[in-house]
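One structure is given here, and the rest of the page talks about it.
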Ligand SMILES: Nc1nc2c(ncn2[C@@H]2O[C@H](COP(=O)(O)OP(=O)(O)O)[C@@H](O)[C@H]2O)c(=O)[nH]1
Ligand SMILES: [Mg+2]
Ligand SMILES: [Zn+2]
């Protein structure tokens, strides 16, 4: 029995990878009913080529179904115009799942200065921000390889920012046993089924389809507060422990004071109010 990670599934076949190789195996009948996700760790009977057991997940996403994600690249670009409400939602989601976010500004070959300064002002205290152009293999690989090495990362963000282009740009770094896998997908630019690509650096990367319509389903107002992590150094000074930083007075709320002093941008705070209030609405609907 070996422990391996599922990197691709087509029909009833699963491609599983351990440190040394990739095997194509089947799921045990019982397991096919529990859904196996790309990224799942499993126990495999090498002789029978069958997955015997699903191991516990560290986290998972349902759409697309991906498990044990360690890092999420949130891709932005000067075109299409960044949807920062989507970025805020993704940050809440990823922090809640203990997935490390990194903001990647792509298409810096286009006029990107305005986007770079806006994104840096609003997110510089929250996560790493890196700049690339997927048209340029050298800077993309030099910038991303150290970030991606030896972890499972996903490419996320609105449509047309360049997620698939970034993955294709990095594909020359797939030369090992998994090169076989990249040939299977080559030429196809669709992102409908998930697959983890393994680079020579040990980086594991999955593309995801546009998160354009992504909503924070199941998140309570408290979840929103908890996952706005850049507010935390201020909210420690709020008068009340359960401060929601909206209805409290300026004197009682250190987050509001940080907004007025510019330590938190007004735009990020306004989006916080939008997400908090929408979580509150959903909660009211659910519990009357
Ligand atoms: N100028 C420029 N265009 C890019 C860059 N990366 C991607 N594109 C283009 O942006 C469009 C959308 O790219 P795609 O990878 O399909 O985006 P996705 O929807 O996020 O997967 C395509 O026409 C790409 O050629 C880049 O770095 N610079
Ligand atoms: Mg794509
Ligand atoms: Zn407060």
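Simple spin-label estimate for residue 30 and residue 135 gives 5.5 nm between the two label positions (7 Å along the Cα-to-Cβ direction from each Cα).
Using Cα centres only, tell me the gap between the stretch 43-98 and the stretch 206-278 in whole Å. Value for the Cα centre distance between the two parts: 23 Å.
Let a ≥ b ≥ c be the square roots of the eigenvalues of the Cα gyration tensor of the stretch 221-287; is it rounded (a/c under 1.5), or, if not, prolate (a/b larger than b/c) or oblate? Judged from the Cα gyration tensor, the stretch 221-287 comes out prolate (a/c at least 1.5, a/b above b/c).
Top mean-square fluctuation among 152, 211, 240, Gaussian network model of the chain, C-alpha springs under 10 Å? Among 152, 211, 240, the largest GNM mean-square fluctuation belongs to 240.
With angles folded into 0 to 90 degrees, how steeply does helix 84-96 sit against the dominant principal axis of the chain? Use alpha carbons for both and round to 10. Long axis of 84-96 versus the principal axis of the chain: about 70 degrees. A Stokes-Einstein calculation at 20 °C with viscosity 1.002 mPa s, built on the Kirkwood radius of the chain over Cα pairs, returns a diffusion coefficient of 104 µm²/s. Inter-label distance, residue 49 to residue 284: 5.8 nm, where each label sits 7 Å from its Cα along the C-beta direction. Once the Cα atoms are used to define both axes, helix 266-287 deviates from the longest principal axis of the chain by about 80 degrees. In this simple spin-label model, placing a label point 7 Å from the Cα along the Cα-to-Cβ direction at both residue 277 and residue 171 gives a separation of 4.5 nm. Using a 10 angstrom cutoff on alpha carbons, build the Gaussian network for the chain and name the most mobile of 229, 154, 166. Maximum fluctuation in the GNM of the chain, among the listed residues, is at 229. Of 20, 156, 208, the residue with the greatest mean-square motion in the GNM of the chain, using alpha carbon springs below 10 Å, is 20. Between the Cα long axis of helix 137-148 and the first principal axis of the chain there is an angle of about 80°, rounded to the nearest 10. Only DSSP H runs of four or more residues enter the estimate; each adds -39500 (n - 2.57), and after division by the residues of the chain the mean residue ellipticity at 222 nm equals -9500 deg cm²/dmol.
Of all DSSP beta bridges confined to the chain, the antiparallel ones make up roughly 50%. A protection proxy built from the mean count of other Cβ atoms within 10 Å ranks the segments 195-201, 269-275, most packed first, as 195-201, 269-275.
So if each residue of separation counts as 0.36 nm, and I subtract the Cα-Cα distance between residue 263 and residue 85, what length gain in nm does that give?
On the way: separation 178, 0.36 × 178 = 64.08 nm, distance 1.90 nm.
Stretched fully, the residue 263-residue 85 segment lengthens by 62.2 nm.
Bear in mind these aren't lab numbers, they're just calculated from the coordinates by the rules spelled out. Note that the structure is predicted; figures quoted are calculated from it, not measured. Virtual Cβ from ideal backbone geometry, glycine too; neighbours counted across all protein chains shown.
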